[in-house]
Every structure is written in structure tokens, then in C-alpha cells.
1. Tell me the angle of helix 111-123 to the major Cα principal axis of the chain, expressed in degrees between 0 and 90 and rounded to the nearest ten.
2. Relative to the longest principal Cα axis of the chain, at what angle does helix 282-291 sit, 0 to 90 degrees, rounded to 10?
3. Using a Förster distance of 22 Å, how high is the FRET efficiency between residue 195 and residue 153, based on the Cβ-Cβ distance and rounded to 0.05?
4. Which values, in whole Å and largest first, are the semi-axes of the equivalent ellipsoid of the range 153-286 obtained as the square root of 5 times each eigenvalue of the Cα gyration tensor?
5. Round to the nearest 10 and give me the degree value, 0 to 90, for the angle of helix 11-27's Cα axis relative to the longest principal axis of the chain.
6. With label points built 7 Å along Cα→Cβ from the Cα atoms of residue 81 and residue 176, find their separation and express it in nm.
7. List the equivalent ellipsoid semi-axes of the chain in whole Å, largest first, each obtained as the square root of 5λ for an eigenvalue λ of the Cα gyration tensor.
8. Rounded to the nearest 20 Debye, what is the dipole magnitude of the chain about its Cα centre when Lys and Arg each give +1 and Asp and Glu each give -1 at the C-beta?
Amino acid sequence: MRVAVAVSGGADSVALLRRMIEAAPEIGLVLSVAHVHHGIRGDEADLDADFVRDLAATHGLTFHRHDVNTPSTAQQNRETLEEAARNLRYAFFRELLDQGEADAVATAHTLDDQAETVLHKLLRGAWTEGLGGISPVIQCTPGAILRPFLGARRVEIEAWLRSIGQSWREDASNADIAFTRNRIRHELLPMLSTYNPQVYSQLANMATIARDEDAYWQAELARLLPSLLLPGKPVRGGGRATSTHPDESSMAFEIDRLPQSPAVRRRLLRAAARQLGSALNFDQTEKLMAMLSPGGARRQQLTAELHADRSPRELRLIKRRP
């Protein structure tokens, strides 16, 4: 298997590369190194790229460098710098897979990263699919993205690098507590560790459970939705009509046919909204749940584009783009 190892120059990714170099002859890997220069940190980022290039050269590996302008992309897409940087990285990884440069890309996410991600998403009100955190494997077409270090703690990784005499680069922005994730890393998780020293493992375990739960629900929704979800609206004399307007679409449920379980209803309502291109938060979903009850509201505006209408028989979601 040809694996491109994503190396930023930090301890985690340098350790992943060194560990995979050790394992390569035994398990049959052909390695290369992928590095993204995000155009953010000036000379420091240039030195990171040089460090990774030299590390690849030392071990005789092909070096894939990709330069992007993260601040410009973030502004254009109305994203945070972190979101833009992540999206640009993964676009490059998929490009390597699409172009046949590698069969898989390996990234150095750790147990610490998993705990930080789960806690961050919990604070932002994520559903169970969000609490699944970082997946060990993402299947792409073609190829895959692999996370071999998800069971390893950062302190273990740095200790191992010191033991083999391997240096790494420190990214000063990782200490900047202006970023929420860094406050979680440097302040919140250490404080929670005083309550439970195993909090990192517990959060990672929660991610595993949430991923498995969500995989079950995705299969269940694929079974239930086709028989329950109705396009458009009913018309006199039978049948259904869908809007011919390019900026309007709708989906409906027959209320009496919906399962009584609140867990199933929430999943179905959110899945229908997703098919219309809208992601519902908890409060919006609960408004829909209330509409299903006798005496519930006849109409709810859920987002700027999405609203719901209830008739005696149906609950209909309508999306109209301005």
C-alpha cells in the first residue's frame, strides 16, 4: 500500500512518520510525505516546511508540498481560520488520492485530539453523530484516510521521540488561548483531569460508542425513510404535487404513520430536513416534535429558508430560498 503521511512538523506527525518508516518493511508500505503550507505564520511556516522536506529527504521519501492561502479562503467562505485550514488540508489529501499518488493518507490525530474534539462538540451542542469525534478511518473514492495514533497520548508520543533522538517543530499558535480548542486543551481538560484522571480515555470511549450508535441509526433511517417520507403536498383526487419552482422544495410525513418513539421521530425529522439541505439544532427539532402533538402549532419558521406546516394528516417541511 502506498501511504502519504501528513506531516506538519509537530511532534505527533513526526512520530507517525518515524513509526511508519519502522513498520514499512514488515507490513509492506511505500511511504511519501505530504505537507500543507497554510500561508498563515510567515517565516515560522517556511521553516516548518523546510524541516519536513529535509526529514523526508533524510529517509529517501517523496515530498508533496501544497501551498494555500488560508486567510483568503476563510474570508471568501466565511469560515474560521481553523475550519478553512482543515478543509484545505483534506482537499489536498483527497487530491493525492484522486491523482493516484497514494492509496491512503495517514494523519497523526491522537487520543488527546479525540478528547478535545468530543468535548468541543459537546460544548457546541452536537448530536450523537458529532460526539463520534474523529473516525479511525474515512473511506474515500478512491482510497482512505487513516488515523493510526488515535489510541496514543501526546505525552507518550513526545517521550518516544526523545528516546530516539528525533526533534520536531513547535507551533506557537497551539498555545494561543484566543482559540477555543486551545483553551480546551490547556485549561479545561487539565481541570477536568483533577476530577477524573481518565477523562481523556472516557471521552474517547464516548466517541466510539457514539460512532457505533450513529452507524446503527443511519442504517435504520435508510430502511424507514423511503416508506414514510412523502414528496411535495397532496392534491385533490389523490396523488401528490411537487413545486416546479427551482428554489422551492418540500417533504412531508403522515403523522399517524410515524413511530411513537421520540428517539425515532427526532431522527426522522432531522433526516428529512437534511434532504432539503437544512441542519436542525435541538430547539428547532423540538418545535417540530411539538407540532406532532394534538393541539400543536400549525406553522413554525425554523430557519430563514425552512418552515413547517401541519395539516390534520401531515407535517410538511418547506424550503424556499430567497
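Each value in this text was obtained by applying a stated rule to the coordinates, not by laboratory testing. Computed from a prediction, not measured in an experiment: that's the story for all the values here. For neighbour counting, all protein chains shown are included, and Cβ atoms are generated from backbone atoms with ideal geometry for every residue, glycine included.
1. So the helix axis and the longest Cα principal axis differ by about 30 degrees.
2. Approximately 20 degrees, to the nearest ten.
3. Working: r = 18 Å, r/R0 = 0.82.
Calculated transfer efficiency: 0.75.
4. Values: eigenvalues 462, 68, 43 Å².
That gives 48, 18, 15 Å for the three semi-axes.
5. 80
6. With each label placed 7 Å out from Cα toward Cβ, I get 0.2 nm.
7. Details: eigenvalues 400, 97, 74 Å².
After scaling each eigenvalue by five and taking roots: 45, 22, 19 Å.
8. On the way: 40 positive and 40 negative charges, 390 e Å.
The dipole magnitude comes to about 1880 debye.
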